Structures are given as structure tokens and as C-alpha cells.
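Taken together, the values in this text are just the output of simple stated rules run on the coordinates, not laboratory data. Bear in mind the structure is a predicted one, so any value in this text is a computation, not a measurement. Here the Cβ is made from the backbone with ideal geometry for all residues, glycine too, and neighbour counts use every protein chain on show.
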Ligand code: LR7
Ligand code: MN
């Protein structure tokens with residue numbers, strides 16, 4: 001169904017990470033997978049995909065008995081040092097069957113010991129840091145789960161116990177969001193009772209969603225800092241100190257680790273590159289980006305220091321407990337999954353704090369292509385997610401909420417069913433800054449419309465057509481040749497562009513009008529490419545001649561000619577109809 005597809009779009013790590021335009025293939029050590037470095041510098045592993053997640057595909061027969069069986073049967077060497085698990089060819093059928101329970105390779109996970117070893121993936125400079133543990137605050141680690149697998153849940157717990165200084169670990173709090181599995185009841189209680197760190201289990205009687213589950217955990221926490229983790233993580237050596245140390249200096253810093261990838265098919269631990277940061281697209285879906293070359297230069301002198309990020313992924317972070325509450329904890333009207341990460345990111349930044357990433361802290365997370373659990377509530381996945389996002393927009397986005405609702409019919413449908421008066425009051429009480437301030441100061445590279453920038457369609461006068469992005473369907477960054485198409489009267493995302501004060505003509509997903517070959521080819525192709533802040537992406541508009549001038553080459557935007565009626569190129573500027581463009585403003589406020 002559409003909803004399943006939609007959920008996959010939101011969640012898919014390959015969408016977060018895969019950008020077919022710039023990929024550096026790596027030689028893979030394993031025949032069943034490809035590896036490459038994507039344009040964000042992130043090491044991506046694409047494994048043989050086990051799942052049959054085609055929308056509408058019939059589910060396999062998962063019996064109650066199968067669901068309630070704890071199949072954990074470790075082999076002492078499986079997955080050691082983060083290696084991928086090798087399963088026997090005869091195990092294929094069972095592997096396929098079990099995959100559907102958690103939407104990851106449960107058979108592989110169940111083979112890895114709870115105390116699996118991992119390499120120390122930190123940079124040398126990080127390993128050499130000498131944290132004074134006595135100066136750091138203690139932390140409670142809070143893990144919420146719904147129907148999580150035994151092996152992933154307890155590997156999360158064991159890795160925390162094995163790799164955190166005992167003095168800093170106040171306790172581990174497991175919040176069971178109304179799981180139905182037998183092995184997560186008495187057997188879980190008995191298992192954690194024998195662990196050398198207090199592990200408390202809190203159970204929600206009804207399915208409450210991850211926000212309210214985290215709030216249940218936070219309420220009980222005794223540590224000075226709250227550290228949240230998803231229930232399918234593995235922390236690595238030295239993970240905790242770099243999260244706590246910025247908070248020791250300043251309680252308004254909210255600190256995230258680098259999130260490494262535990263491969264959903266092989267459970268291989270894949271280190272992701274540092275220096276990526278988080279933001280979001282026009283649909284308020286979380287996205288990763290990389291630091292620009294200038295920022296990388298600045299950081300080269302001190303690569304161990306936490307750096308600021310406009311938004312966080314949501315699942316893995318540390319926050320001072322008192323600060324968490326003084327800032328309004330979470331929006332407890334948010335259901336099941338989604339939106340709370342941006343809500344907290346906006347709230348922290350706009351109300352005086354900061355979100356940061358500590359490059360010396362590495363935590364692995366099992367990224368999945370689809371969700372294993374149900375979304376109870378009106379409208380299923382879409383209803384739940386877009387009610388949460390409508391709340392985010394109505395509370396934090398100011399005029400941009402209109403932009404968001406015009407771009408997102410699904411969220412607009414939910415708009416009337418949510419009431420956010422209490423969160424608006426919180427925002428007033430905390431005296432928070434505006435969303436405009438956030439865009440300008442926290443995320444200057446953003447691609448949202450601004451009061452002083454153009455937003456709308458770019459029209460070729462003679463042809464009466466508009467510039468449009470290629471519709472690629474598969475990539476989160478729709479890049480490729482820019483084309484001319486019939487102008488759509490309505491609000492239409494592929495024809496919507498921001499022309500900002502810096503001279504960039506940009507659109508959703510950080511895509512910019514670009515001419516990579518402007519100085520090497522006489523009639524270069526005009527393309528839509530990942531924004532990179534280079535001069536070759538700068539343009540000016542001359543109101544008199546109606547020329548759109550490419551700054552680096554001094555040439556004018558033109559149509560490629562009769563043979564290629566929809567293609568664009570650059571030509572020496574002339575007063576001719578084919579070089580005349582007009583801007584058709586869209587009112588987004
Ligand atoms: O109803 C629910 N009750 C729960 O307790 C639904 C979920 N949960 C639990 C669940 O068992 C898991 O432990 O909540 C946790 C997060 O759910 P996931 O693992 O299904 O979420 P995710 O990893 O797909 O999604 C990311 O975005 C979410 C938005 O609501 C949360 O913020 C997740 O914590 C977050 N995960 C991360 O940030 C890990 C890195 C992913 C990236 C990028
Ligand atoms: Mn997760």
C-alpha cells in the first residue's frame with residue numbers, strides 16, 4: 001500500500017544514505033554485498049536483501065509459537081569483532097521466515113553472543129583523550145522497546161554494561177511498551193537480575209508509543225543525565241564519556257553519538273564516517289548531510305570536539321535530566337513513532353540550547369527498511385506519523401507551517417484533528433526564538449523559502465514552460481539534467497525553486513541548479529546537483545534583460561535548441577527570446 005511505501009521512504013537507511021550520483025565503490029570482502037562511499041562520505045554496505053517487502057506482499061505464516069520462542073542460540077565466534085555472520089546455505093528458508101518478525105535477520109542476530117566483541121572504531125586522537133571520570137555526571141540509560149528480539153535487546157544492554165565506566169552508569173531502565181512476547185516477561189526479569197548493574201524494567205500496560213514510553217523511563221531515572229538508546233544498538237569502547245563531557249561543561253548541550261550501521265542482513269558492524277550532521281527535507285523527514293570543505297578545515301585542528309547539528313536522528317542522545325524537564329521533556333501527545341526528533345531539535349535550539357554530535361562516541365544501530373510493528377490509531381502509519389508532524393509544524397514552524405501544509409497534503413488532512421495549545425504555551429513561557437532565526441543561524445545551508453528570497457516557478461517566456469527537476473523516483477536527492485516542462489498551475493514541488501540571496505537556485509533535498517562543465521564544454525548541460533556552495537552553483541537575475549546569468553562563466557541560461565527542446569544549456573548572453581526568463585512567485589506563507 002501507499003502507507004507502507006511511505007514508511008519505507010521515511011525510514012529507509014538506504015534513502016538516508018544512498019546517492020547514486022557520487023558513489024565511490026569499494027572492493028567488498030563479501031560476495032553477497034556491495035560497499036561504497038556515498039557523497040556524504042558515509043561507508044554504505046548494500047547486502048543481499050532478505051525481505052519481501054513489496055507493498056501488499058502476503059505475509060508469511062508466523063505462528064504464536066514461533067513469535068514467542070526465544071531462538072537465541074549463540075555461537076561463540078559468530079559476529080566477533082563486528083564481522084558479518086555467515087549462515088549455512090541450508091538455513092535459508094528459516095532465515096527468510098524469521099526475518100519478518102523484526103524486519104531484520106533474526107537468525108543471524110540470534111547466533112551472535114550477547115557480549116559480542118567489536119573493534120575500537122575511534123580515531124587515534126579520540127582514543128588518547130583522558131576523561132576525568134570523577135568530573136563527569138552519572139547517567140541512566142533508557143531503552144524503550146516494543147516486541148524487540150531477545151538477542152538485539154540484550155546485546156544493547158550487555159554492550160552498555162561492558163563498555164561504560166561503572167561509576168558513570170547509574171542504571172539501565174528498560175521500558176516495555178506493551179510487548180506481547182513471553183520471553184520479554186519473566187525470562188527478561190530473571191536475566192537482568194543477575195547483571196552487575198541495576199537494570200529496571202518498567203512496563204506500560206497499553207501500547208503507548210516511544211515518546212510516552214521514554215517519558216515513563218525518564219520519570220524513574222536517578223542519574224544526572226538521561227541517555228536514550230534504541231533497543232537494537234551496540235555501543236563501542238569509550239562511547240559514554242564523550243557524550244557526558246560536553247554536558248558537564250554546559251547543561252544545555254544535548255549530545256548524540258556517531259551512529260554506525262549494524263547491517264540488518266549480516267549484522268556486520270560498519271563504521272560510518274564522522275563529520276555528518278542532520279537536518280530535514282520539505283516533508284520534515286530527517287536527512288543526513290556532510291560538513292562543507294570549509295567546516296572540515298576548521299575541524300581538522302580539533303577532530304575530537306563535539307560539533308553542532310541542526311537536527312538529531314532521535315533515538316540516541318544524552319541530555320541533562322533537569323534540563324530535559326525544564327525544557328518541556330517531550331510532547332506527550334505524540335503517538336507511536338515519528339516527529340519527536342525534530343520537535344526536540346527545534347525546541348532545544350530555539351529555546352537556548354544546542355544539539356551536538358560527539359565524533360569520539362560511536363554507537364551501532366540496526367537500520368531497517370520497514371517497520372516490524374503495528375501502528376494502532378486512526379489512519380495507521382500515515383495517520384500516526386502525520387499527526388505527529390502536524391504538531392511539530394503547528395508549534396514550531398511559524399509561517400513555514402503554511403508552506404509545510406501546502407507541500408504535504410497528508411499532514412494537512414490531520415491538521416484539524418490536533419490541538420497544540422499546551423505546547424504553544426510552553427514555547428511562549430520558554431521565550432523561544434523564531435523559526436526564521438533557526439533557519440538563518442542554526443542551518444544557514446538550508447533550502448527553505450525565506451521572506452527575502454524568491455520562491456516559485458522559473459518560466460521560459462518563449463516556450464511558456466517551466467524548469468523542472470528530473471523525477472527519478474528512487475533517490476532522496478533527485479539529481480540529473482534540468483528539464484523544461486509545461487508549467488503546472490498548482491503548487492508543484494518539482495517546479496518549485498528557492499532563489500536565495502547568496503545566488504543559489506535550490507530545491508528540496510538540498511538540490512541546486514548547477515553547471516559542472518561550465519568552463520570545459522561550449523554548450524554544457526544544466527543540471528540539478530547536490531548543493532555544494534561552490535561558485536559554479538551561483539546565479540544572478542537581470543530584471544531588465546530577464547537573463548539568468550551563471551556567475552562563474554558569465555554565460556546565460558538558454559534552451560539547448562530544437563533538437564533537444566526540453567534541455568537547458570549556457571550560451572554567451574544575447575538579447576534574444578530564448579534567454580528570457582520570468583519568475584512566478586508562489587505565496588507560501
Ligand atoms: O510504539 C512503539 N513503542 C516503542 O517502544 C514504537 C517503537 N518503540 C521503540 C522501538 O522498539 C525502538 O526501540 O522505540 C524505538 C525506536 O523505534 P524504531 O527502532 O522503530 O525507530 P527507527 O530507528 O526506525 O527511527 C528513528 O526515528 C524514530 C522517530 O520516532 C525514533 O526517534 C528512533 O529512536 C530513531 N532511531 C534512531 O535515531 C537511530 C538512528 C536512525 C537514524 C537516522
Ligand atoms: Mn531503531
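So what is the relative contact order of the chain, in percent, for Cα pairs below 8 Å that sit 6 or more residues apart?
Values: 1229 pairs, mean separation 71.9, N = 589.
That works out to 12 percent.
When the helices of the chain are scored as -39500 (n - 2.57) per DSSP H run of n ≥ 4 and the total is divided over every residue, the value at 222 nm lands at -7000 deg cm²/dmol.
Please give the contour-minus-distance gain from residue 128 to residue 197: 0.36 nm per residue of separation, less the Cα-Cα distance, rounded to one decimal in nm. Walk me through the numbers before you get to the answer.
Numbers: separation 69, 0.36 × 69 = 24.84 nm, distance 2.68 nm.
Additional length available on full extension: 22.2 nm.
Within the stretch 454-585, the proportion of Cα pairs with more than 26 Å between them is 11 percent.
Sorted ascending by nearby beta carbons within 10 Å, beginning with the fewest, 117, 290 become 117, 290. Each part gets one Cα centre, and for the stretch 77-108 versus the stretch 280-354 those centres are 33 Å apart. Take each peptide in 297-306, 268-277, 519-528, count the other Cβ atoms within 10 Å of every residue, and average; sorted highest first, the result is 268-277, 519-528, 297-306.
For the stretch 508-531, backbone nitrogen atoms closer than 18 Å to the point 7 Å from residue 563 Cα along Cα-to-C-beta are found at 521-526. Length, then width, then depth: along the principal axes, the Cα atoms of the chain run 82, 59, 51 Å. Between the stretch 395-458 and the stretch 475-491, the C-alpha centres lie 24 angstrom from each other. The fraction of all Cα pairs in the stretch 350-449 landing in successive 5 Å bins from 0 to the largest distance is 2, 10, 15, 17, 17, 17, 15, 6, 0, given as whole percents.
For residue 68 and residue 540 in one chain, what is 0.36 nm times their gap in residues minus the Cα-Cα distance, to one decimal in nm? Intermediate results must be reported in sequence, preceding the final value.
Details: separation 472, 0.36 × 472 = 169.92 nm, distance 6.36 nm.
163.6 nm is the gain from fully extending residue 68 to residue 540.
Here the stretch 240-256 and the stretch 158-183 have alpha carbon centers that stand 20 Å from each other. Spin-label model, residue 585/residue 430: points 7 Å from Cα along the beta carbon direction are separated by 3.4 nm. Normalised by residue count, the stretch 123-276 yields a Cα convex hull volume of 129 Å³ per residue. Compactness of the stretch 207-269 is given as radius of gyration and Dmax, 14.1, 40 Å, from Cα positions.
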